[in-house]
Amino acid sequence: FGLLLALPAAAGAQETDTARDASPEHTIEAVKARAQAAVDRRLDTLATLERRVIDHEFMTTVHKATLTADYADAVAGLVTLNREIQDAGTVEELRELVPLIATDYRVYLVIVPKSYQVGASDRVAHVVSRFEETADAIADAIDRAEAAGYDMTEAKRWLISARDEIAEARRTGVPVANDVIDLDASDWEEPAKSMLAEGHRRLKNARVDLRQAKGSLDMAKQAIEDAIDG
């Protein structure tokens with residue numbers, strides 16, 4: 001998904017200036033060729049997204065179904081639009097149709113980033129769940145060690161820190177998927193731009209929280225071992 005985010009966001013097929021001595025026929029064919037290339041790029045991108053979503057280890061079944069349905073709708077629309085463009089006979093028709101490649105689908109501005117964020121958010125949810133299980137196991141170990149007479153003050157302190165960080169990651173990162181998954185081309189520029197920016201920020205913070213949580217869990221386990229060995 002990181003590689004896909006680097007793909008060009010420009011339409012790439014909109015009408016451009018032509019040489020002064022170019023014939024109308026040459027102009028029309030050139031625009032059609034550029035439109036075909038723009039559509040092909042988007043179709044390739046959607047196909048890549050679909051493969052990545054289907055193979056995503058942590059994405060939920062519901063989210064996979066929603067995204068792949070979005071891709072199918074975009075593919076069908078782009079194919080139909082491209083057929084209309086290739087059948088157009090005048091520059092005026094092309095002037096109306098070609099910009100729709102970008103404005104009616106927003107593959108690079110909406111579909112790609114929201115797909116990335118849904119996948120990243122579902123991964124955060126998976127890691128949060130796994131860390132919560134680890135925290136519960138550490139809490140059980142602390143209880144057993146205390147019952148055996150060991151001082152677990154340090155281990156408890158690290159466990160509290162880990163649970164706080166895990167909870168913060170759940171609060172910030174997990175909801176992002178549902179926040180952005182229904183965005184479509186008509187939502188650009190707002191609210192899509194702001195929502196995607198906010199989703200990116202929250203996912204970045206969640207990753208930091210999870211790294212810190214892992215460190216705290218490791219320190220809690222180490223504190224248990226040190227207390228017992230000591």
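In segment 93-146, of all residues being among the hydroxyl-bearing types (Ser, Thr, Tyr) and farther than 22 Å from Val53 by Cβ, the one that is surrounded by the fewest Cβ atoms within 10 Å (Cβ to Cβ) corresponds to Thr103.
Filter segment 147-167 down to residues that are touching a Leu at 6+ places or on another chain (Cβ under 9 Å) and within 28 Å of Ser115 (Cα to Cα) and give me whichever is most open to solvent (accessible area, probe 1.4 Å). My answer is Glu165.
Among the residues examined, Asp187 does not qualify as of a type in the set (Asp, Glu), in contact with a helix residue (DSSP H, G or I) (Cβ under 6 Å, 6 or more places away or on another chain) and either modelled with pLDDT of 95 or more or on the phi > 0 side of the Ramachandran plot (or both).
Evaluate the following for Met219: is it within 30 Å of Leu78 (Cβ to Cβ) and part of a helix (DSSP H, G or I)? When the stated conditions are applied, Met219 does not pass them. Residue-level analysis places Lys204 outside the set of residues that are in contact (Cβ under 8 Å) with a residue 60 or more places away in the chain and part of a helix (DSSP H, G or I).
Scanning segment 56-107 for residues that are in contact (Cβ under 8 Å) with a residue 40 or more places away in the chain, of a type in the set (D, E, K, R) and in a helix (DSSP H, G or I) gives Asp70, Arg95.
The residues of segment 57-92 that are farther than 14 Å from Val39 by Cα, surrounded by 13 or more Cβ atoms within 10 Å (Cβ to Cβ) and within 16 Å of the chain's Cα centre (by Cα), listed by number, are Phe58, Met59, Thr60, His63, Lys64, Thr66, Leu67, Thr68, Asp70.
The values are calculated or read from the model by the stated rules, or taken from the named source; none is laboratory data. Owing to the predicted nature of the structure, the values given are computational and were not obtained by experimental measurement. Neighbour counts run over all protein chains shown; Cβ positions are idealised from the backbone, glycine included. Heavy atoms of the whole protein, side chains included, go into the accessibility calculation; ligands, DNA and RNA do not. Shrake-Rupley method; radii C 1.70, N 1.55, O 1.52, S 1.80 Å.
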